[in-house]
Structure formats: structure tokens, C-alpha cells
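Any read-out appearing in this document is the output of simple, stated calculations on the displayed coordinates, not a laboratory observation. Computed from a prediction, not measured in an experiment: that's the story for all the values here. Virtual Cβ from ideal backbone geometry, glycine too; neighbours counted across all protein chains shown.
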């Protein structure tokens with residue numbers, strides 16, 4: 001496990017889940033620090049009060065604006081998540097009767113979610129169920145595949161991804177080093 005600044009806090013949360021830093025699921029994952037300087041993503045690109053870093057929010061606005069100009073309506077479903085929020089996601093799923101190993105195929109443990117960086121976004125489109133593989137069947141997804149890299153955005157979890165997560169066509173990460181003409 002990488003050593004983010006909050007390693008002790010992450011370890012306590014993992015212990016609550018019955019995991020240690022050497023848990024087999026963590027071997028493929030990268031640990032992330034929580035972003036501390038976040039800005040709200042403004043309308044028309046989000047109306048749910050999501051947070052991203054200032055640079056990622058600006059990159060999201062450029063991406064969403066270009067998509068809209070081309071007729072692809074994108075919505076920001078989720079942005080920054082704290083370690084505590086991530087832990088609560090898993091708690092709620094366990095309370096609903098799901099087994100931890102099953103949950104960890106689609107939800108990162110606290111400390112290991114790209115959402116902690118403030119530079120990851122779950123995307124959707126009007127009329128399509130949020131956070132489902134059906135997003136890959138939309139014109140907006142096809143637009144993202146063809147254009148997102150120009151704005152520094154890449155899909156994190158394609159089919160067969162190294163992290164071992166299920167295919168998540170809705171999950172995209174911004175990185176200024178990924179900008180291509």
C-alpha cells in the first residue's frame with residue numbers, strides 16, 4: 001500500500017471493515033490523499049453541489065461545454081468523496097446484506113478511491129440510470145470515447161482493468177498530463 005499522509009486514518013477504517021493494509025484486494029490499488037482545496041461545480045454543468053479541485057472543475061466545464069455543443073448532454077453524478085463517505089458507502093451495502101468481497105468489486109475501500117483526489121467524476125446522461133453499464137450505450141459515452149482525452153479525461157475502469165473493478169463506463173479521471181490535441 002502506498003503511504004498517503006493519512007495512512008493511520010485509512011488503516012483504522014480498513015480495520016473496521018475487517019481488512020489490513022496487506023488485504024489481497026488492496027494489492028492492485030493505489031492509495032490517495034484526500035483533496036483539501038475544492039470548489040463547487042457550477043450550473044449548467046452540475047446542479048447537485050458536487051466538488052472538484054479548481055483545475056478539474058475547469059476541465060470538466062470545458063469537456064461538458066464541448067459535449068453540449070456537439071449535442072451530447074453530460075451530467076456530473078459524483079465528484080469528490082471523503083474517506084468517511086467512502087466508508088459509509090461500504091457500510092450501507094453491508095447493512096443491505098452484501099458481502100465485502102462482492103462490494104469491493106465496484107466500490108473502492110476508503111483511501112483507495114480516485115474520488116478522494118477531487119479529480120474523478122462519475123458521469124451520466126438524462127434518461128439513463130446512473131452508474132450502470134448502460135451508459136456505454138449512449139451517444140454521450142461515444143462522444144467521450146472520441147473526445148475526452150483532448151480535455152485530459154480518461155475512463156479509469158474499462159473492461160478487464162488492472163484494478164480488478166467491474167467495467168465502469170461512467171467513471172472518468174482528469175489528469176492534465178493526459179491532454180491530447
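Using helices alone, I'd like the mean residue ellipticity at 222 nm for the chain: each DSSP H run of four-plus residues gives -39500 (n - 2.57), total over residue count, nearest 500.
Details: 5 runs with 52 residues, N = 181.
Counting only the DSSP helices, I get -8500 deg cm²/dmol.
Grab every C-alpha pair in the chain, bin the distances at 5 angstrom width from 0 up to the longest one, and report whole percents.
All Cα pairs, binned at 5 Å, distribute as 1, 8, 16, 21, 20, 16, 10, 5, 1, 0 percent.
What distance in nm lies between label points placed 7 Å from Cα along the C-beta direction at residue 25 and residue 85?
Going from the residue 25 label point to the residue 85 one covers 2.0 nm.
Using a/c under 1.5 as the rounded threshold, could you call region 13-95 rounded, prolate or oblate? The axes a ≥ b ≥ c are square roots of the C-alpha gyration tensor eigenvalues, and prolate needs a/b larger than b/c, oblate otherwise.
Values: a/c = 2.43, a/b = 2.32, b/c = 1.05.
Prolate, since a/c reaches 1.5 and a/b exceeds b/c.
Quick check: Cα centre of region 5-19 to Cα centre of region 118-176, how many Å?
After rounding, the separation between the Cα centres reads 28 Å.
Would you mind ranking 78, 11 so that the residue whose beta carbon has the fewest other beta carbons within 10 Å leads the list?
In order of increasing Cβ crowding within 10 Å: 11, 78.
With a ≥ b ≥ c the root eigenvalues of the C-alpha gyration tensor of region 106-165, is it rounded (a/c under 1.5), prolate (a/b larger than b/c) or oblate?
The shape class here is prolate.
What angle, in degrees between 0 and 90 and rounded to the nearest 10, separates the Cα long axis of helix 83-95 from the longest principal axis of the Cα atoms of the chain?
That works out to roughly 70 degrees.
Tell me, 153, 143 in order of fewest to most beta-carbon neighbours within 10 Å? All intermediate terms of the calculation are to be shown ahead of the outcome.
On the way: 153 25, 143 19.
Arranged by neighbour count, lowest to highest, 153, 143 become 143, 153.
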